[in-house]
């Protein structure tokens, strides 16, 4: 009996175990792209928050340095002129120009993550979301083209200036580390990037002053409505009409 049990145990030991091994885990491609886009969106949003805090701190330091309480007006003027010639001003301007760009990029990445998530969940919701996302992208591209060709337009898209802003930021970094921070001529190379829309609008208004004045007068007369109001309006203009009595 003992020999029989020994033979049975040896025969079982010689049979290989047929335990099924689970296949290696491989996430679907949609899950990979969804997590990638959403984590990149999170990174851009955190970067924007940190950069905004740093810029706010720089602005407070600028006010503290240029407007000291116990200082003469001459010293304040010298400090202001010193910072005006500094490359730090371009550094701050390029950082401020990139802040809304980070938010826009984060928003686009979030939408891409949503589309990737909905692709295998529900195709109807996916196509509806894709339609509105494509429509938004077309409108955004339209405003970006306007801001590139019409520099005096208020329809400005910050993302259109992201490459040049980033180039100015890198330029300021290397110049601050290895060059002269107070070289105003070098900073003027990027002066066109931070356009003053108000100044260009004033110049355009001066060039088209006659046409604009006619439009203003026409809109004013249309807003009066009554004949008596129009008569009182013209009588209130000094020197417009003279009385013979």
Query raised in the report: So what is the diffusion coefficient of the stretch 30-190 in µm² per second by Stokes-Einstein at 37 °C and 0.692 mPa s, using a Kirkwood Rh over Cα pairs?
Result: 175
Query raised in the report: Calculated FRET efficiency, residue 166 and residue 29, Cβ-Cβ r, R0 35 Å, to nearest 0.05?
Result: 0.70
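Bear in mind these aren't lab numbers, they're just calculated from the coordinates by the rules spelled out. This one's a predicted model, so the numbers in the text were calculated from it and none came from an experiment. No Cβ is skipped: glycine too gets one built from the backbone with ideal geometry, and neighbour counts run over all protein chains shown.
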